[in-house]
Amino acid sequence: MSSFVLTQTRDRIARIELNRPDKKNALTVEMYQALAAALQSAEADPQARAILIHGQPDCFCSGNDLKDFLNHPPFREDAPVMQFLRGIAAAAKPVIAAVGGPAVGIGTTMLLHCDFVYAAPETRFQLPFVALGLVPEAASSLLLPMIAGHQRAAELLLLGKPFTAGQALAAGFVTEVVPATELLEYASDAAAYVASLPPASVRATKALMKQRYAAPVQERIAEESRLFRERLAAPEAKEALAAFFEKRKPDFSRF
């Protein structure tokens, strides 16, 4: 396990905390491996009836650590990020997220696989894949239009601008907006309540709700991953990433 991913199972809740606040919980390959392992462990643990994912009140996840990401690009289907995405998409137990501060890239797309998402009013979401010369991941190109409708999903995925907790609530993937001071307690209470219900019934109901698109989600994760790898090696992404590190505006006029 990574020291940047803390886990604890208490009161029938498997708690997974992103714990790299000095880097705004930017995810490294080591953290993805720890997240995948934590989900697998929670799913296998008979004492865990719900899974709670959170960061700190002022930071959920700022996406990939780009330097680490470029040093360890996800070119293999068994890459840690792919293990994590497949794991959260297939989780049989209810997954609850408490989201405050930045939620960028995968910090937003992972939420589409959660059953309850509670966000602080100050939360800022962003899906900047296109601006980086890439494509969305985590089956967000399938799930977001399904949840929010095509036009709203197009605005969020194509333009890639930051958006608020209120907009995420209107888009349909945030359950409730909760004051930051109450966020983690509120999400914990929700996790405790669902963990108190008949566990087999909870899992069966979740499976029924996801049954229709479970296979398409896994297929879309794989298809997005293939295109993501292609785009990552293309000139557009190289220009976008170079501009990011050089702190300048990218120039796509020659493409």
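Only the coordinates and a few stated rules stand behind these numbers; no lab work does. As the structure is a computational prediction, the values presented were derived from the model and not from experiment. With ideal geometry, Cβ positions are generated from the backbone for all residues, glycine too; neighbour counts draw on all protein chains shown.
Rg and Dmax of region 125-255, both derived from C-alpha coordinates alone, stand at 18.6, 59 Å. Of the residues ALA222, ALA187, ALA233, the one that moves most in a GNM of the chain with alpha-carbon contacts below 10 Å is ALA233. In terms of packing, defined here as the mean over residues of other Cβ atoms within 10 angstrom, the peptides 72-84, 117-129 line up highest first as 117-129, 72-84.
For LYS210, the lysines whose Cα falls under 30 Å of its own Cα, not counting residues fewer than eight places away in the same chain, are LYS93, LYS161. In a reduced charge model with +1 at each Lys and Arg Cβ and -1 at each Asp and Glu Cβ, region 1-54 shows a dipole moment near 140 debye about its Cα centre. Listed by chain and number, the aspartates and glutamates whose C-alpha is less than 15 Å from the C-alpha of LYS206, apart from same-chain residues fewer than 8 away, are GLU43, ASP115. What is the distance in Å between the Cα centres of region 10-51 and region 107-171? Result: 22 Å between the Cα centres.
Computed over the Cα atoms of region 93-135, pair by distinct pair, the Kirkwood hydrodynamic radius stands at 11.1 angstrom. Peptide packing for 91-97, 41-47 was compared via the average number of neighbouring C-beta atoms within 10 Å per residue; ordered from the highest value, the list is 91-97, 41-47.
Based on the Kirkwood approach, the hydrodynamic radius assigned to region 9-54 is 11.2 Å, with every pair of different Cα atoms included.
Normalised by the number of residues in the chain, the average gap of Cα pairs under 8 Å and 6 or more apart makes the relative contact order 19 percent.
Considering only beta bridges that DSSP places wholly inside the chain, some 30 percent are antiparallel. Counting only Cβ charges, +1 for Lys and Arg and -1 for Asp and Glu, the dipole size of the chain around its Cα centre is about 320 debye.
The shape of region 1-148 can be summarised by an equivalent ellipsoid whose semi-axes, obtained from the alpha carbon gyration tensor, come to 22, 17, 16 Å from longest to shortest. Please compute the length gained on full extension between ARG226 and PHE255, using 0.36 nm multiplied by the number of residues separating them and subtracting their Cα-Cα distance. Here the segment from ARG226 to PHE255 would lengthen by 8.3 nm. Two tests apply to each whole DSSP H helix in the chain, Cα reach of 30 Å or more along its axis and mean Kyte-Doolittle hydropathy of at least 1.6, and none passes both. For the peptides 160-168, 198-206, residues were scored by their other Cβ atoms within 10 Å and the scores averaged per peptide; the highest-first order is 160-168, 198-206.
Taking each DSSP H run with n ≥ 4 as -39500 (n - 2.57) and averaging over every residue of the chain yields -14000 deg cm²/dmol at 222 nm.
Taking amide hydrogens as placed 1.01 Å from N in the peptide plane, the amide H of ILE16 sits under 5 Å from those of LEU52, ILE53, HIS54, each at least 5 positions away in sequence or on another chain. This model, with +1 at the C-beta of Lys and Arg and -1 at the C-beta of Asp and Glu, gives region 92-203 a dipole about its Cα centre of some 280 debye.
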